[in-house]
1. Give me the net charge of Ala180's neighbourhood, meaning all other residues with Cβ under 12 Å from the Cβ of Ala180; Lys, Arg count +1, Asp, Glu -1.
2. Which translational diffusion coefficient, to the nearest whole µm²/s, is obtained for segment 303-344 from the Stokes-Einstein equation, given a Kirkwood hydrodynamic radius over C-alpha pairs, 10 °C and 1.306 mPa s?
3. Using the basic label-point model (7 angstrom from Cα toward the beta carbon), what is the Ile330 to Thr265 distance in nanometres?
4. By the scheme Lys and Arg +1, Asp and Glu -1, what is the net charge of all other residues having a beta-carbon under 11 Å from that of Trp102?
5. Using only the Cα atoms of segment 263-344, build the gyration tensor, take square roots of its eigenvalues as a ≥ b ≥ c, and label the shape rounded, prolate or oblate: rounded if a/c is under 1.5, else prolate if a/b is larger than b/c, else oblate.
6. For Lys39 and Glu296, what does the FRET efficiency come to when R0 = 56 Å and r is the distance between their Cβ atoms, rounded to the nearest 0.05?
7. Let a ≥ b ≥ c be the square roots of the eigenvalues of the Cα gyration tensor of segment 54-98; is it rounded (a/c under 1.5), or, if not, prolate (a/b larger than b/c) or oblate?
8. Which entries of Lys202/Lys222; Lys224/Lys284; Lys39/Lys335; Lys247/Lys294; Lys56/Lys89 show an alpha-carbon separation above 20 angstrom in the structure shown?
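Bear in mind that the values in this text are calculations on the coordinates, not laboratory data. Since the structure is predicted, the reported quantities are computational estimates derived from the model, not experimental observations. Every residue, glycine among them, receives a Cβ derived from its backbone with ideal geometry; neighbour counts consider all protein chains shown.
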Amino acid sequence: MKQIRLVLIISLFFALVSGLNAGNFRQSFAAVEAQVSTKPSDMKPYTETVPGNRVKFDMVAIPGGTFQLGSPASETGRGADEGQQVEVKIQPFWMGAMEVTWDEYDVFAFSQDIPKKPTPEPQPTASDAVTRPTPPYADESFGYGKGRQPAISITHHAAMEYCRWLTEKTGKLYRLPTEAEWEYACRAGSKTAYAFGDDAKKLAEYGWFADNSEGAPHPVGKKKANPWGLYDMHGNVAEWCLDAYAKDFYSTLKAGVVEPVLVPTERRYPNVVRGGSWDDDADKLRSAARQYSKKEWSKRDPQRPQSIWWHTDALTIGFRIVHPLDEQEILKGLKSKVTRQSPD
């Protein structure tokens, strides 16, 4: 580590001599230092602060390991797309302790720290710049409030672009969790229907769902965390995963597969959401329960083509983020391919 610091100090000297902005270098220094100091044994929880803003959020260190992806045939409420069960290996990563809130998302969506999107919208090959959401058609919170409320009605494309923006702002790689990472983190070592066991009667202690939500999402972190310190993995809002959805995806996997993921395409739908929501029954909040996006989530959007940033009928959908320790090769440089011309 001393040798690495020496190299960085020498690099700083030459960078300053060559005119590189010292502030930018400090950010790069921090990013490089984070990369070289994060062996699995070193992984600690941390609090991220968006540079130039007071918004903060906590990241939980998730150890690597293996688990059974999917549910057993005997599990109550099981869907056909939750099998076959298959052993999966997951590499270490950090995950947001809570769902992304409006406090966090609004900095991306409405601040002035990135250029406005060029008009007309660029094609995927025309520019690699991060764009930001167009103004929403209506109140994006749908009257549920902002602040510590989870950001809702965000499209899969918008969630991926938020992660790209956050990566550029912080110097750390952020993205949506893969479906396998999400279930592994939700289970937190458990093999039961929920992280706390099989008894759905205890669900109200851990999550907001149809029986206790009073028809609305709630501020994040108000219920018990799972054994790994993650809040609202069961309920509140269903959460985007990185993967495109395929009903038979698990049947294509071999035992021992490392970090499976179904990379999203240029199509708007379907993509995976996990965890269930404030409007779902208990069975949809199980650790293995799979849901996916549908065209109906934008049925009231009068625009043609419809927005790629906001869903008008997905009030139950939010997301959380991860920071991988070592990114898998297939995901390096990945960004959303969705444009306004993308097919459904």
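1. Values: positive: Lys89, Arg187, Arg274, Arg290; negative: Glu87, Glu179, Glu181, Glu183, Asp243, Glu259.
Taking every Cβ under 12 Å from that of Ala180, the sum is -2.
2. Working: Rh = 13.5 Å.
Value of D from the Cα-based Kirkwood radius: 118 µm²/s.
3. Between Ile330 and Thr265, the simple spin-label model gives 1.5 nm.
4. Working: positive: Lys146, Arg148; negative: Glu99, Asp103, Glu104, Asp106, Glu140.
Neighbour charge sum, excluding Trp102 itself: -3.
5. Numbers: a/c = 2.26, a/b = 1.04, b/c = 2.17.
Oblate.
6. Values: r = 46 Å, r/R0 = 0.81.
That pair, Lys39 with Glu296, gives E of 0.75.
7. Working: a/c = 4.31, a/b = 1.95, b/c = 2.21.
Note, shape of segment 54-98 comes out oblate.
8. Values: Lys202/Lys222 15 Å; Lys224/Lys284 18 Å; Lys39/Lys335 26 Å; Lys247/Lys294 14 Å; Lys56/Lys89 31 Å.
Flagged as over cut-off: Lys39/Lys335; Lys56/Lys89.
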